[in-house]
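The values are calculated or read from the model by the stated rules, or taken from the named source; none is laboratory data. Keep in mind that this is a model prediction, so the values were computed, not measured. Methodologically, a virtual Cβ is constructed for each residue, glycine included, from the backbone with ideal geometry; neighbour enumeration extends over all protein chains shown.
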Amino acid sequence: MSSIAIKETESLPQFDLINTPLSGHILIEASAGTGKTYTISRLFLRLLLEKEYLPSSILVVTFTEAAASELKERIYDIVKKALKAYSCGSSDDPLLKSLITRIDSEKALPLLQNALYNFNTVSIHTIHGFCQKVLYENSFESGAAFESTIITDQNSLIQEIVHDFWRINFYSEKPSFLAYAINNGISPNTFLDLTRAAGRFFQNLKVIPEITQSEDSSRQETSFNQSFQELKSNWKECRDSILKIFESGSLKGTKYSQKIIQELMVSMNTMLESDVADPTLFKRFENFTTPVLVNSTKKGFTPPEHHFFLLCDKHAEYAEQLRSCFDNRILQLQISFLSYLNQELISRKKTRGQLFFDDLLRNVHTALTSSKQRGELIDKLRETYKAALIDEFQDTDSVQYQIFSLIFDNNLPLFMIGDPKQSIYGFRGADIFTYLQASQKVSARYTLLKNYRSDPSLLSALNTLFLRSDQQFVHRDIEYTEAIPGKPDSPQQVIIDEVIQPALKFILVDDQASDKKTDKTTLICHSVTSEISELLSKSLQDKAFITSRKINPSDIAVLVRTNREAEAIQQSLSSVHIPSVIDSGSSVFETEDALYLERFLTALLEPTRSELINAVLATPFFGLNANAIENLASNQQEWENYVSKFLHYHELWRDYGFMYMFRNFLAQEHIRPKLLATEQGERHLTNILHLSELLHLQENQKQAGMTNLHSWFLQKITDNTIQVSDEEILRLESDKDAVTILTIHKSKGLEYPIVFCPFWHNSELSSRAIACTFHDPDSDNVPVLAIGTEEIGRNRQLIETEILAENMRLLYVALTRAKALCYVVWGKIRGEESSALAYLLHKNLIEDDFSLPALKEKVKSLSFEQIRQTLLEISNQNKSIAVLQNEDEPKKVLIPQTDQKQLACLKLESGVPESWKISSFSSLTKNHYIPESPDYDFSPEFNDIPGNDTENEDHTIFNFPKGSVAGTFLHSIFEQIDFSDPNSIQEKVDLESLLDLYGFDRSWKPVISKLVNDTLNAPLKDGSDVFRLSEIPDSSCRKEMEFYFPLKKITPSDLTRLFSGQLQTDLFSSDYQAEGLHFSPSAGFMKGYIDLFFERDGRFFIIDWKSNHLGNRYEDYNSESLKETMKSEHYILQYHIYLTAIDKYLQLRYKGYSYEKNFGGVYYIFLRGIDGKSDSGVYFDRPSAEMVKRLREVLIG
């Protein structure tokens, strides 16, 4: 077993907070619940008063921003408490009482008052915050750049470097090597996995094997390729005779059954038909070789002979030689990659002016050890900081330790507080061996033994459990010291049915029983849920208490290792109506909600592809089942509606950005109520909103377009990085009274009255591992990265020993989160035979030297009854330990609403009128609220969909598909082109791609091109003047112009009176009276979009594009037909609304504006009727100034 050399020490003395000298380097080992923060805050006070240090000169460093905030608060409180104690002259606090007797108040009061007054200068930081401060405040001495951006995530940069490395090293490789590498799973992800295995501080690792010159494989490749060609040239003529030999009956059926023979012949055919010779031979290729044929020949038969078998013998030999060369080449690439990664990370971040958190540490370390001004920097820092208190020291690494050791020599107080038993953040770079080595160099070591968190009976139970064997934490240098109750007279006990419960309960599970058909995860979740439901059910009956109060769901925590385990527990609890929240520290990108959102974004990129739309319809966003989706194929109208929606959201994303589109999507599709109605709806909604924020942030920071934003999102979903940035961590979905489910890593530093620990992971190394880290005991425990199966196999015992050691520390953290009661699941469980709990409970059964394989085999051999007896023996040693075996079905629990905190919203005394809303042309004419969006001619009668083109018809604009999809398509063209540029449609619009996007055949391209050309050249009358849109430059146009204006209360009759009583000045609109409107009274705001607003010679015009199909001849689009359509579709009302908005806009924006002088009129362009020569398809109106005035009075007031 791995261990580092350490001097023999007696049990560590208890730290004396009042009398320990404030000098030298002091290590304080603070076990769980022993008041680490309490100790740090009071050490700060002692340094302040006894050493008379300024608050800013006492450096306090901790692990997280949250911990820094808590320390700042606790230190402020104790300084304030000390000031009050000195003012009163007495205190019940032992430390304050001692300080009052030792330090005169005349000296202490100014120090305390000054500390509070200047508390904003206190130096409490995370390690990265401290390093950033050092670099920026000492830029000349440290050589730091003045302007660098701190990045919180460098995964995207690492992925960029990985792909560059792949391109440089693999694109130019020979086909045979590339085929071999790919067929053996080598890809860019292999190098990403290598980065994750190496960890954050891979630059500090010793890599084995050491890199050597890659062997030239030319000779082996030549021999192998020649052999391949020989097989290829002989196979055709030998195939039948080979098949006859295989089917002769002389060979054993275990190797040459009829099925296997067929597979052999097909595989050989496939291999020899390939143009590239791959040394990864197909499965059972050896069946063609002489040794296997000889061994498989039945008794009484002569082994078959054939020259093709001899060729296969030679080919297998050459393949093995080439595989060895290629494997060595891949290994060398993996080793050289780390060096390339380090160089490129430094270079690219420097070029971009970026610093990652770990760069801050390395730069400070470099400045303190290698820079020319290192002496000046150290002197300056020692002048600034007179003492240091380092929190969570067990999570340090060699770089951090060296930084503090260099700044604080033995003449300056340096207190390092931590617990090696709680060092669980190895994946973040924490190095327990650095802690152990530091423990050899300190002036003194102490411990904190009194536990103020847990009930005395629970501490007694844990002492029994951990002290039943030696080397509880695998390394002999980390010992379990018996915990002493800090509050022996303040019990925190669980009482059920008036009986005090044992503080540590083992829940027995047997997933290998012959009658068990459920998987182990389901079985474990079932057991945990049964116990929780029993606790809460008893509590509802006033029969379950924690000391004197009823047990609530929020008193309970379930600790897990993975997000999948968390979701399984939550699902199990939900099945019996027990509320729960997940606080796992996992990434929101790992959730199924991220997959649903990715499907939606994919469909929006190609919004007419039916398979993509169907995939989204099956998500909780729409909730359609398979039958409903299948029925859409026969319901063209409903399908067209869905296509229109996706096209609409595509347009919103393209034109206004992701968040604008997504908010519209949430509102129009009622996503919030849909998700909340599902199981764990709050969780799903929280995730979706969280993901949308991250997408919005990425879009803004990187100015990402639709495709790039989708690519980034997909990359985040598929990224398996261990590091999760704070922004990506799953948020709590609710603050209601609920069971908390969280990972053991996340639970560090937290406490709960009742804790469940259900899952224990094996300590074996994964067979898929391509690289592993460990510490070499023969080289002063330097960290080593072993790459490749050979080095991993050689050092497997050391690697697995460290995995087991960390799992033991995780077990300790989990069990010590409980204050009153801890449940532990154990039993006969597959896959947990080499877990930390197996080690703790059954290590004593191994008679010879301990090894992980020996532990696994021993535990595997134990029956369920033997495991139960082991637990019962432990229980008999301590009455605070109990063994349960609950196979009852979990009870459904109905948590009464009255138990929850009642919230009440503020009352709005004035009230909001029911008529107040955001209205639009659509809401006035459709008789129900429709959120306004660009008008794309939706009409239920136009139900043609893309793909329904009649093959026998000649393509004309008249038989171009009808409906909102066609309208959206045509609008998008006119929105994108520059009217005055003849080449605009070729340069600004990829017409073929646009036809593809909207689901139209490319054969429509000539028709659409002609339509655009005819429209731009159609004569438009402006009084006696005639002009064309092709004369209007893009700078004079506003396209898809959005507007709002305040709307006074109006009714349908108001509009009827307005139009029926107007001065009759226009032939077209004279008999339009706005009849047939049935909207409810409306007030608030009017919203809309104007297709085109442009200026010509100081006069302003409105244009609205219409794709309505009025007939198959240009004559069908004459003035009479247009007049009837304008009336029947209420388009006259529509442009009067537009006119009201534009008139108000021009009054505000243009000095000297006059409607009579500056407004030219309104054109409605019916695109199908435009012939480019006459006024066919063109409707024009210019309402009178009096009408505009009356409009303003009626609509705005």
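Scan the range 781-813 residue by residue and report those that are modelled with pLDDT of 95 or more and either among the β-branched types (Val, Ile, Thr) or in the same structural domain as Gly749 (by TED's automatic domain parsing) (or both). Selection gives Val813 alone. Does Gly827 satisfy the criteria of being touching a strand residue (DSSP E or B) at 6+ places or on another chain (Cβ under 6 Å), on the phi > 0 side of the Ramachandran plot and either outside the structural domain of Ala66 (by TED's automatic domain parsing) or of a type outside the set (Gly, Ala, Ser) (or both)? Criteria met by Gly827.
Of all residues in the range 687-704, how many are touching a residue at least 24 places away in the same chain (Cβ under 8 Å) and closer than 20 Å to Ser586 by Cα? So that I can check it myself, show each step before the final result.
The first filter runs over the range 687-704 and keeps only residues touching a residue at least 24 places away in the same chain (Cβ under 8 Å), leaving 687-688, 690-692, 694-697, 699.
With closer than 20 Å to Ser586 by Cα added as a condition, the list becomes 687-688, 690-692, 694-695, 697.
Residues in the range 687-704 being touching a residue at least 24 places away in the same chain (Cβ under 8 Å) and closer than 20 Å to Ser586 by Cα: 8 in total.
The conditions of being part of a helix (DSSP H, G or I) and under 49 Å from the mean Cα position of the chain (by Cα) are not met by Ile1132. Annotation: of all residues in the range 246-273 being among the hydroxyl-bearing types (Ser, Thr, Tyr) and in a helix (DSSP H, G or I), the one that is surrounded by the most Cβ atoms within 10 Å (Cβ to Cβ) is Tyr256. Residues in the range 430-445 that are among the hydroxyl-bearing types (Ser, Thr, Tyr) and out of contact with any helix residue (DSSP H, G or I) (no Cβ under 9 Å at 6 or more places or on another chain): Ser443 alone.
Of the residues examined, Ser460 is not one that is more than 30 Å from Arg200 (Cα to Cα) and buried (at least 23 other Cβ atoms within 10 Å of the Cβ). As a summary of the residue check, Ile478 satisfies the conditions (1) assigned to a loop (DSSP other than H, G, I, E, B); (2) over 30 Å from Ala438 (Cα atoms); (3) modelled with pLDDT of 90 or more except for the one numbered (2). Considering only residues that are crowded, with 18+ Cβ neighbours inside 10 Å and in contact (Cβ under 8 Å) with a residue 24 or more places away in the chain, look in the range 843-857 and name the one that is farthest from Asn795 (Cα to Cα). If we take residues in the range 843-857 being crowded, with 18+ Cβ neighbours inside 10 Å and in contact (Cβ under 8 Å) with a residue 24 or more places away in the chain, then Lys843 is farthest from Asn795 (Cα to Cα).
Selection over the range 274-304 of residues that are crowded, with 18+ Cβ neighbours inside 10 Å, aliphatic (A, V, I, L, M) and modelled with pLDDT under 90 gives a count of 1.
With the structure loaded, tell me whether Arg239 is in a loop (DSSP other than H, G, I, E, B), at pLDDT below 95 and of a type in the set (Lys, Arg) or whether it fails that test. Even if it seems obvious, please write down each step before you answer.
Values: in a loop (DSSP other than H, G, I, E, B): no; at pLDDT below 95: yes; of a type in the set (Lys, Arg): yes.
No: the conditions fail for Arg239.
Within the range 969-1018, the set of residues being surrounded by 17 or more Cβ atoms within 10 Å (Cβ to Cβ), of a type in the set (S, T, N, Q) and at pLDDT 85 or above comprises Ser972, Ser980, Thr1015. Here Asp216 qualifies as surrounded by fewer than 16 Cβ atoms within 10 Å (Cβ to Cβ), part of a loop (DSSP other than H, G, I, E, B), free of Cβ contacts under 8 Å to residues at least 60 places away in the same chain and acidic (Asp, Glu).
Looking at the range 743-796, what strands (runs of 3 or more DSSP E) fall wholly within it and have at least 3 residues that are farther than 28 Å from Ala32 by Cα and touching a residue at least 12 places away in the same chain (Cβ under 8 Å)? Full working, then the answer.
On the way: elements: 752-757, 771-776, 782-787.
Passing ranges, in order: 771-776, 782-787.
Name the helices (runs of 4 or more DSSP H) wholly within the range 40-117 that hold at least 1 residues that are within 23 Å of Leu27 (Cβ to Cβ) and assigned by TED's automatic domain parsing to the domain that holds Asp395?
On the way: elements: 65-88, 94-102, 105-117.
The helices (runs of 4 or more DSSP H) meeting that bar are 65-88, 94-102.
Condition (residue is among the aromatic types (Phe, Trp, Tyr), in the same structural domain as Phe1059 (by TED's automatic domain parsing) and in a helix (DSSP H, G or I)) applied to the range 1174-1197: is it met by at least one residue? Scanning the range 1174-1197, I find no residue that is among the aromatic types (Phe, Trp, Tyr), in the same structural domain as Phe1059 (by TED's automatic domain parsing) and in a helix (DSSP H, G or I), so the answer is no.
Filtering the range 675-688 to residues that are surrounded by fewer than 18 Cβ atoms within 10 Å (Cβ to Cβ) and in a helix (DSSP H, G or I) leaves Leu676, Gly681, Glu682.
Taking every residue in the range 163-186 that is within 18 Å of Glu344 (Cα to Cα) and pairing it with any residue that is at pLDDT 90 or above and surrounded by 16 or more Cβ atoms within 10 Å (Cβ to Cβ), at least 6 positions away or on another chain, the pairs with Cβ-Cβ distances below 6 Å are Phe165/Phe337; Phe165/Tyr340; Asn169/Leu333. For the range 344-355, a residue qualifies if it is more than 17 Å from Ile403 (Cβ to Cβ) and not polar (S, T, N, Q), and the qualifying residues are Glu344, Leu345, Ile346, Arg348, Lys349, Lys350, Arg352, Gly353. Within the range 522-536, is there a residue that is out of contact with any Pro (no Cβ under 6 Å at 6 or more places or on another chain), assigned to a loop (DSSP other than H, G, I, E, B) and without any contact (Cβ under 8 Å) to a residue 24 or more places away in the chain? Checked against the condition, which is being out of contact with any Pro (no Cβ under 6 Å at 6 or more places or on another chain), assigned to a loop (DSSP other than H, G, I, E, B) and without any contact (Cβ under 8 Å) to a residue 24 or more places away in the chain, the range 522-536 yields no hits at all.
Of the numbered criteria (1) part of a helix (DSSP H, G or I); (2) touching a strand residue (DSSP E or B) at 6+ places or on another chain (Cβ under 9 Å), the one Phe1100 fails is (1). Would you confirm, using the coordinates I've provided, whether Ala566 is buried (at least 20 other Cβ atoms within 10 Å of the Cβ), modelled with pLDDT of 90 or more and in the same structural domain as Thr740 (by TED's automatic domain parsing)? Considered against the rule, which asks whether it is buried (at least 20 other Cβ atoms within 10 Å of the Cβ), modelled with pLDDT of 90 or more and in the same structural domain as Thr740 (by TED's automatic domain parsing), Ala566 comes out as yes.
Scoring Arg453 on the criteria (1) within 23 Å of Leu884 (Cβ to Cβ); (2) at pLDDT 90 or above leaves a single failure, condition (1).
Tell me the strands (runs of 3 or more DSSP E) entirely within the range 985-1089 that contain at least 2 residues that are closer than 28 Å to Met706 by Cβ. Step through it out loud before you land on a result.
Values: elements: 1020-1022, 1025-1027, 1037-1050.
Where strands (runs of 3 or more DSSP E) fall fully within the range 985-1089 and carry at least 2 residues being closer than 28 Å to Met706 by Cβ, they are 1037-1050.
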